[in-house]
Ligand SMILES: Cc1cc2nc3c(=O)[nH]c(=O)nc-3n(C[C@H](O)[C@H](O)[C@H](O)COP(=O)(O)O)c2cc1C
């Protein structure tokens, strides 16, 4: 069965470097035979988590994101680094998903992520490429959200140059991204085979 991969940028900014890097990853995942969907943050109603909002009814974006996660086998994230940490967009999105109860024929939010494969990359104009955010994101999405994060990751430094209009990744950058893409495809397919899917 075709592996379905949900691709996500940790930045919704129009000119986001991570949106561009996520688009590169999406192309490679598709070239590797995966069916790829990219999260459109602008289409998801995901206000900053607040218990009073939750009590008034879950935002439609929380339910939509839970559905997207349920419908895919794997996740691929390109994240910015904010003060050496994960940007609030991602934390907030998964916080909402974690609050979605079993409903609409789908399991509870965290049950839709449990044991699914995830690959992480980051991009930053800085020299470290957002590397510090990757450790924090790995802990959050792995230990807490329950995704199986592949060991490979890649931080693209000086991403403003590497991802400028008309620029191409150099051989080292290319190989770094491809290593994570290949790990997600390989691990996702191994899990599919183990489940007999
Ligand atoms: C609140 C904030 C904190 C930031 N902290 C870091 C940081 O710790 N390390 C880093 O490399 N870049 C940092 N940056 C710069 C981002 O890497 C840069 O704005 C990047 O372009 C954001 O990703 P995007 O282009 O995908 O939106 C920070 C930016 C913001 C707005």
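Net length available on complete extension from residue 30 to residue 43 is 2.4 nm, with 0.36 nm assigned per residue and the Cα-Cα distance removed.
At 222 nm, what helix-only mean residue ellipticity would the chain give, in deg cm²/dmol to the nearest 500, using -39500 (n - 2.57) for each DSSP H run of four or more?
Numbers: 8 runs with 86 residues, N = 197.
That calculation yields -13000 deg cm²/dmol at 222 nm.
Of all DSSP bridge pairs formed entirely within the chain, close to 10 percent run antiparallel.
With just the Cα atoms defining each centre, how far is region 156-188 from region 62-120? Give it in Å. Distance between centres, Cα-based: 23 Å.
Computed on the Cα trace of region 115-197, the radius of gyration divided by the Kirkwood hydrodynamic radius gives Rg/Rh = 1.05. If you bin all the Cα-Cα distances of region 55-115 at 10 Å, starting from zero, the percentages per bin are 21, 50, 24, 4.
Stretching residue 108 away from residue 84 to a fully extended chain increases their span by 5.6 nm, per 0.36 nm per residue minus the current alpha-carbon distance.
Take each peptide in 38-46, 163-171, count the other Cβ atoms within 10 Å of every residue, and average; sorted highest first, the result is 38-46, 163-171.
With a ≥ b ≥ c taken as the square roots of the eigenvalues of the C-alpha gyration tensor of region 11-121, please select rounded if a/c is under 1.5 and otherwise prolate if a/b is larger than b/c or oblate if it is not? It comes out oblate by the Cα gyration axes.
At a threshold of 8 angstrom on Cα-Cα distance, excluding pairs fewer than six apart, so keeping six or more, what relative contact order does region 4-195 reach in percent?
Details: 350 pairs, mean separation 42.6, N = 192.
Relative contact order comes out at 22 percent.
The long axis of helix 88-98 is offset from the longest Cα principal axis of the chain by roughly 40 degrees. Between rounded, prolate and oblate, where does the chain land on the alpha carbon gyration tensor, with a ≥ b ≥ c its root eigenvalues, rounded for a/c under 1.5, else prolate if a/b exceeds b/c? In terms of gyration-tensor shape, oblate.
Quick note: the coordinates plus some simple rules give every number you see, no bench work behind them. Computed from a predicted structure; not experimentally measured. All Cβ positions, even for glycine, are placed from backbone atoms using ideal geometry, and neighbour counts span all protein chains on display.
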